[in-house]
Each structure stands twice: as structure tokens, then as C-alpha cells.
Amino acid sequence: MGWADPHDADPAEDSMTIIAPSILSADFARLGEEVRAVAEAGGDWIHLDVMDGHFVPNITFGPALIKALRPHTTKHFDVHLMIAPADPYLAAFAEAGADTISVHVEAGPHIHRSLQTIRALGKRAGIALNPGTPASMVEPVLDLVDLVVCMTVNPGFGGQSFLPSALETVARVRAMAAGRAIDIEVDGGITPETVEAAARAGANVFVAGSGVFGGGPAAYARNIAAIREGANSATGRDGLRC
Ligand code: DX5
Ligand code: ZN
């Protein structure tokens, strides 16, 4: 087997290291350019945080913006829905160009139905867990899940401090997912320092907003490389298929 670009194959296959810059910390007046810049700087996926001011105490953007960004890169669009209800909007996010759509288990009474709907739309299905939500919530729907998002901050804002207590959830989800093609993502407070513990606990997808966009465009490549290095040094992975 040879080298592979992390965004053009199914990343879950061998749990490769994926760095997913969150545009929540980008310059919103220049989003197309920012997406191209982090893609060129080595970001594997683009993480898009959708917030409704109801499920979380902040409002960001919806499918129209994601659709407008789609022509700017071929990278995997990792859409994190922090909205309730989510079901009425899943088709719109799929049409806008999402590749993975994640819904919070706390966002509604029918997570199984939401995941089924995402898969039926031809997209990868993600389930997101708040720091206060037990890992066991994932167990009944493991067959329907391509990605588990373990929040390492309370969702709503960028730039918050990493919550080490969430690592227990990561480790439990990793154990539960053994033998399955499931990516485990950590989201919130990821830096070159905190990424190591997250990788050791079993995460292989690392979302970073302020950790990537801090310092402006000249720092993006360096920031992404530092997070990747931290993750790989913790696990001995090289981030490439072999
Ligand atoms: C928080 C979002 C995160 C956020 C991470 O609700 O889901 O994706 O952008 O930002 P940082 O990396 O700054 O904590
Ligand atoms: Zn997110």
C-alpha cells in the first residue's frame, strides 16, 4: 500500500490522523479565502460549526454559507450541527455539500432516526456528545455511526479551555468502537499540548479553531503541523496510510 492523501479515501479505515480546522475562528469577512488557506496549509478536513442560539448560546451560519464555501476546496466538509431540532435541516446540509453531518445526541429524542436520515442522504453520519453526556449513549446506534464527536469543551464558543474530564468519554468510545470503521473526533481546546492526551485516549480526528487560526495566515501551516506532530508523537502514528 502506498501513500494517500487523507481526504480522498475513507479515513475511518485505519484510524489515520486527521486535522480539522474549525472556521469558527476564521475571519468571517474572508471565509472563502480562509478555507483555501487552511486547506493549502495542510488541514485535512474543514470543520463547520452550525449554531442556532437555542441548542447553544451562540448563532453562526447555515446551509447557504456552506454551499457558498463548497467551490473553494475539495476537502472533506465536516459539518457539526449544534441545532435543535436537527432533522428538518439535514437534507439542506447534505445538498449544501456536507460530507459528514454530526448531530448531538442531546438535540432531540430520535438520534437513531437522525443518523438513518443522514446515511439515507448519502452522507457520513456523526453523533456528538457533550462533556456531560455518557459514552454509553453511542452504544445502541454504533451500526449507524461513521464519526463520534467527543466535545472537549461545552459547545457554543471557540477559544475555551480543554476539559480533561472528557478524555474518559473518548477512551470509552474508542473501546466500544473497536473493530469498526468509526472515526473518533475531539472538539474544543485542542492545541499542540492538549492533543497528546486526546490522541492517547483514542481520538484520531482533531478539530482546532483558535489553535489553527491564531497568529493569522502566516502561522496556519505551522499551527497545523504542530497539532499533527503532537497527535502522532503520542500514538506513534505517522498519519499516513501504510
Ligand atoms: C465549539 C465548536 C468547536 C470550536 C473549537 O462549540 O464546536 O468546533 O470551533 O474551537 P477551539 O479550537 O478554539 O476550542
Ligand atoms: Zn465543532
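Rule-based calculations on the coordinates, nothing more; no lab input. Everything numeric in this text was worked out from a predicted model, so none of it was measured. Positions of Cβ are backbone-derived with ideal geometry, glycine not excepted, and every protein chain shown enters the neighbour counts.
Just the number, please: percent antiparallel of the DSSP beta bridges in the chain, rounded to the nearest 5. Numbers along the way, then the final one.
Working: 1 of 34 bridges.
Rounded to the nearest five, the antiparallel share is 5 percent.
Which trypsin sites (Lys or Arg not before Pro) from the stretch 148-200 combine a DSSP loop assignment with at most 10 other Cβ atoms within 10 Å?
On the way: sites: Arg172, Arg174, Arg180, Arg200; in loops: Arg180.
Qualifying residues, ordered by number: none.
What helices in the chain pass both tests, a Cα length along the helix axis of 15 Å or more and a mean Kyte hydropathy of -0.5 or higher, using whole DSSP H runs?
Once both thresholds are applied, what remains is 220-235.
Report, in deg cm²/dmol and to the nearest 500, the calculated mean residue ellipticity at 222 nm for the chain, where each DSSP H run with n ≥ 4 adds -39500 (n - 2.57) and the sum is divided by the residue count.
-8500 deg cm²/dmol
When Lys and Arg each count +1 and Asp and Glu each count -1, what net charge do the other residues less than 15 Å away from Gly156, Cβ to Cβ, add up to?
Neighbour charge sum, excluding Gly156 itself: -4.
Take the alpha carbon gyration tensor of the chain, find the square roots of its eigenvalues, order them as a ≥ b ≥ c, and report rounded if a/c is under 1.5; if not, report prolate when a/b exceeds b/c, else oblate.
Rounded.
Tally Lys/Arg at +1 and Asp/Glu at -1 over every other residue whose Cβ is under 13 Å from the Cβ of Glu168; what's the total? Walk me through the numbers on the way to the answer.
Working: positive: Arg172, Arg174, Arg200; negative: none.
Neighbour charge sum, excluding Glu168 itself: +3.
Using a 10 Å cut-off on Cβ atoms, rank the peptides 141-154, 61-74 from the highest mean neighbour count down. Display every interim value, and only then the final one.
Details: 141-154: 21.8, 61-74: 15.9.
Peptide ranking by packing, descending: 141-154, 61-74.
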